[in-house]
Amino acid sequence: MLKIENLQARIEEKEILKGINLDIKPGEIHAIMGPNGSGKSTLASVLAGRADYEVTGGSVSFMGKDLLDLSPEDRAKEGLFLAFQYPVEIPGVSTTNFIKSAVNEKRKYLGLEPLDAVQFLKTMKEKMKLVEIDQSLLSRSLNEGFSGGEKKRNEIFQMAMLDPKLAILDETDSGLDIDALRIVANGVNQLRNKDNAFLIVTHYQRLLDYIVPDFVHVLYNGRIVKSGTKELAFELEEKGYDFIKAEVNEATA
Amino acid sequence: MDAKIFFKEIYQHQVKDASNLKSFQQKNWDAFSELGLPAIKHEEWKYTKVKNLFKDGLIYDQQASSINKDALSNFILPGTEKANHVFFVNGIYQPELTEISDSTDLLVIKTLEAASGDEDSAFVDAYLGGSYGYNSDGINALNASFSSVGAFIKVRKGAVLTQPIVIHHISDAQAGLRFNQPRILISIESLSQATIIETYNRIGTNESLTNEVIEICVEKEANLRYIKIQNEGAGANHTGTTHIRQLAKAVTHAVTITLSGSVVRNNLNMVMDGEFGESHMFGLYLLDGNTQADNHTIVDNAMPNCFSNELYKGIMDGSSSGIFNGKIFVRKDAQKTNAYQTNKNILMSENSSANTKPQLEIFADDVKCSHGCTIGKLDDDALFYLRARGISEQNAKALLLHAFAADILQQIEIEELRAYIDGLISDRLTLSI
């Protein structure tokens, strides 16, 4: 589904990704962990197409297409979804109208009829239950004045509405209390199936108690330096990132 | 052209000695003869080159074109079908085209000439020309010199109008560059309530220039909503002053929407001349091409305990430019004044520009005043967020700009009118969702 080969990217003059390789297949959940500044969020942003980053090498194919050649909106329409670490507040645009536009633009791209008001409302009600989000929140301006937890739940709600093939969760757990974390994880678990995949970017192992990954990768200094199963996450939690740093530094010394 | 010479001849021929307004007109003519048209070295006219608008071939004959009454329906805005419609053609008030739907027990409309000679003459004497104290320039004096063709409107004490008063300004630019000078004096008597809408239309493809002065007194505990809608298209130029004096506990709410035109200058003055007055001022200028919109506002807090809030927003594309100048005066006695002002601008293109200047002069020591202005482009993070959800770049921009404009649009209470203007804006932004 997603194949990243030797991906390198920088922001301004600073090299951040120094050769990432990653292969994600349908039905899989991958977790990317790593210390602050290792390039986790950069990877998420580059995949979603944020213009601040310049890709300097490597390739990414998504559903057989050259992902890096697509605009952010076309990546989304092809089925890529990024749950933002810091969802943007947009005054004056209601969440409902926004998500309706997004859903229908995607349907148009896929050659489907737009959802009418009734169908849309029905879908919305279903998905709202999934993330325990209230109608009143969705009538308000997008993320404006939302608490951290509400913003993250709104991200998962949007994900549910757009039904992506690959969802990237960029530190969705950061700043969440345990109840909000459980709600977010529950949403993800209900949405996962054999045809979609998740890439979960996180600093802590905590979220992975609720969303069990098939693979865990450790990103350090712009490279994936270690991959394993969920046990690797426990090991990191126990030992901290220092042992990884030590291993890497030893290997390159 | 030499404006002093050009208008002198017209003044001598057209302004009649028998007019009740003769001494007012003469006084202003003398002022104009001395001042002439404002030059850009005049701080208030720094960005608007008024002199350039007075071109050779300008037609100012003080004759209204004959307009078929049936054709007027083209000018009616949605949501105002049953309104009181007041027509000006070429700057001249047209009683025979005007249609009043509210009872004369509530609303009186007549020529300014008539009002200056009947029971309203004391009001005319007291308030006509009040704007000159704030806009003491040649362009104001020029309008006043020819003010006898204007109209007088009175909303009677305690009257609650069921329908808005829509003032239509029609300029006939079929024969050439048309110059209009509408003059309006309005009394919103105490405890009454009214909505006034001003709208502008041009017939013909030549340029036009409308130099308007509208002066309104909102008396004790009266309530006025005022909406000015400018969408006359390229070639239409405008220099207009809306001067509102409000007495104790009066409430005024003004919305100025500028969607097109060539050079547009709007002065809006709010004189808080009674305690516990409240004033809300909103403006939206959505510009493209070579349009220049220059909004100058003044809030003069002469008395204590007044509240004013001001929010102007601009979106500039193409080679357009938006100018905002907001003055707030708080006089020595105007303690406990609350006055707020915000101006926000978004530039959409390389060649567009915005100039903004807040100007607060505070002489009282127990007041709350704030001002803020921004000039920027669309927020990249917001744009990316929308695009990352599959919304095309063009629609994402339109969505954000529409949202930016929305808080001003929401200030228009008449739902159909708001929807109509919203539609114009959505079309302009090519919002296709």
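Nothing in this text is a laboratory measurement; each read-out follows from the coordinates by a stated rule. Everything numeric in this text was worked out from a predicted model, so none of it was measured. Methodologically, a virtual Cβ is constructed for each residue, glycine included, from the backbone with ideal geometry; neighbour enumeration extends over all protein chains shown.
Can you check what the net charge comes to around A:MET33, using other residues whose Cβ is under 10 Å from the Cβ of A:MET33 (Lys, Arg +1; Asp, Glu -1)?
Local charge sum for A:MET33: +1.
Hey, got the average number of other protein chain Cβ atoms within 10 angstrom for residues in A:85-98?
5
Just from the alpha-carbon atoms, what are the Rg and Dmax of the stretch B:129-272 in angstroms?
Every Cα atom of the stretch B:129-272 included, Rg and Dmax give 15.2, 48 Å.
What is the mean number of Cβ atoms from other protein chains located within 10 Å of the Cβ atom of each residue in peptide A:68-77, rounded to a whole number?
4
Name the long-range amide H neighbours of B:VAL89: under 5 Å, sequence gap of 5 or more, or other chain; modelled H, no Pro or chain starts.
The answer is B:GLN94, B:ILE170.
For the Cα atoms of chain A, what angle does the longest principal axis make with the long axis of helix A:230-239, in degrees from 0 to 90, nearest 10?
Roughly 60 degrees, rounded to the nearest 10.
Using θ = phi - 60° and the Karplus relation 6.51 cos²θ - 1.76 cosθ + 1.60, list the HN-Hα couplings for the stretch B:317-329 in order, rounded to whole Hz, with x at every Gly or Pro.
10, x, 10, 7, 9, x, 10, 10, 10, x, 9, 10, 9
Using the 2.2 N^0.38 Å rule of thumb for compact globular proteins, work out how the protein assembly as shown stacks up: its C-alpha Rg over that value, please.
Cα-based Rg divided by the globular estimate yields 1.20.
Counting Lys +1, Arg +1, Asp -1, Glu -1, what net charge surrounds A:PHE243 among other residues with beta carbon under 11 Å of its beta carbon?
Local charge sum for A:PHE243: -2.
Ranked highest first by the average count of other Cβ atoms within 10 Å around their residues, in what order do B:109-120, A:74-85 fall?
A:74-85, B:109-120
At R0 = 41 Å, how high is the FRET efficiency between A:LYS65 and A:ARG182 if r is their beta carbon distance? Nearest 0.05 is fine.
E between A:LYS65 and A:ARG182, to the nearest 0.05, is 0.70.
What is the fewest-to-most order of A:PHE243, A:PHE198 by other Cβ atoms lying within 10 Å of their Cβ?
Working: A:PHE243 13, A:PHE198 25.
Result, fewest neighbours first: A:PHE243, A:PHE198.
Residue by residue through the stretch B:224-239, what is 3J(HN,Hα) from phi via Karplus (6.51 cos²θ - 1.76 cosθ + 1.60, θ = phi - 60°)? Round to whole Hz and write x for glycine and proline.
Working through the residues one at a time gives 10, 10, 10, 10, 10, 10, 10, 8, 8, x, 4, x, 9, 10, 8, 10 Hz.
Report, ordered by chain and residue number, the lysines lying within cross-link reach of A:LYS239, taken as a straight Cα distance under 26 Å and ignoring same-chain residues fewer than 8 apart.
Reachable lysines: A:LYS18, A:LYS40, A:LYS226, A:LYS230.
Among A:ALA167, A:LEU199, A:ALA102, pick out the residue whose Cα is farthest towards the positive end of the charge dipole of chain A, where Lys and Arg carry +1 and Asp and Glu carry -1 on C-beta, about the Cα centre.
Highest projection toward the positive end goes to A:ALA102.
Return B:TYR11, A:TYR109 ranked ascending by Cβ neighbour count within 10 Å, so the fewest neighbours appear first. Don't skip to the answer; put the middle values down first.
Working: B:TYR11 19, A:TYR109 15.
So the residues, fewest neighbours to most, are A:TYR109, B:TYR11.
Tell me, what ³J(HN,Hα) does each residue in the stretch B:208-220 have, in order and in whole Hz, if you take phi through Karplus 6.51 cos²θ - 1.76 cosθ + 1.60 with θ = phi - 60° and put x for Gly and Pro?
With the stated coefficients, the stretch B:208-220 comes to 9, 9, 10, 10, 10, 10, 10, 10, 10, 10, 9, 7, 3 Hz.
If you wrap a convex hull around the C-alpha atoms of the stretch A:1-139 and split its volume per residue, what is the figure in Å³?
148 Å³
Over all directions, the average projected area of the alpha-carbon convex hull for the stretch A:196-253 comes to how many nm²?
Computed as one quarter of the Cα hull surface, the answer is 4.2 nm².
Please report the spacing between the Cα centers of the stretch A:159-194 and the stretch A:40-110 in Å, no decimals.
Between the Cα centres of the stretch A:159-194 and the stretch A:40-110 lies a distance of 16 Å.
For chain A, take the longest principal axis of its alpha carbons; what is the angle in degrees between that and the long axis of helix A:178-191, to the nearest 10 within 0 to 90?
Between the helix axis and the principal axis of chain A, the angle is about 80 degrees.
Charges only on Cβ, +1 for Lys and Arg, -1 for Asp and Glu: so what's the dipole of the stretch A:2-252 about the Cα centre, in debye to the nearest 20?
About 600 debye.
Can you pull the mean other chain C-beta count within 10 Å for peptide B:395-401?
Neighbouring Cβ atoms belonging to other protein chains average 3 per residue here.
Sequence neighbours fewer than 8 away in the same chain don't count; with that in mind, list the lysines whose C-alpha is under 20 Å from A:LYS65.
Straight-line reach from A:LYS65, under 20 Å: A:LYS3, A:LYS25, A:LYS77, A:LYS106, A:LYS108, A:LYS165.
Please list, ordered by chain and number, the residues whose modelled amide H lies under 5 Å from the amide H of B:ALA339; skip anything fewer than 5 residues away on the same chain.
Excluding prolines and chain starts, which carry no amide H, the hits are B:SER308, B:LYS368, B:CYS369, B:SER370.
Kindly work out what percent of the DSSP beta bridges joining two residues of chain B are antiparallel, to the nearest 5.
Antiparallel bridges make up about 5 percent of those DSSP assigns within chain B.
Test of understanding: ordering A:LYS25, A:LYS230 by Cβ neighbours within 10 Å, fewest first, what list do you get?
By the 10 Å Cβ count, ascending: A:LYS25, A:LYS230.
Once fully extended, how much extra length lies between B:GLN174 and B:ALA364, figured as 0.36 nm per residue of separation less the alpha-carbon to alpha-carbon distance? Working shown, then result.
Values: separation 190, 0.36 × 190 = 68.40 nm, distance 5.28 nm.
The span from B:GLN174 to B:ALA364 would gain 63.1 nm if fully extended.
With +1 on each Lys and Arg Cβ and -1 on each Asp and Glu Cβ, and nothing else charged, work out how big the dipole of the stretch A:40-163 is about its Cα centre, in Debye to the nearest 20.
The calculated dipole for the stretch A:40-163 is roughly 320 debye.
Quantify how much of the Cα-Cα distance distribution of chain B extends past 30 Å, in percent.
The proportion of pairs with Cα distances above 30 Å equals 41 percent.
Straight-line reach from B:LYS69: which lysines have Cα under 27 Å away, leaving out those fewer than 8 places along the same chain?
B:LYS82, B:LYS110, B:LYS154, B:LYS228
Given H placed 1.01 Å from N in the peptide plane, which residues other than close sequence neighbours of B:TYR226 have an amide H under 5 Å from its amide H?
Close amide H contacts, sequence-distant or interchain: B:ILE196, B:HIS253, B:ALA254, B:VAL255.
With 5 Å bins from zero, work out the P(r) of the stretch A:2-252 over every alpha carbon pair and list the percent per bin.
For the stretch A:2-252, the binned pair fractions read 1, 6, 13, 17, 19, 17, 13, 8, 3, 1, 1, 0, 0 percent.
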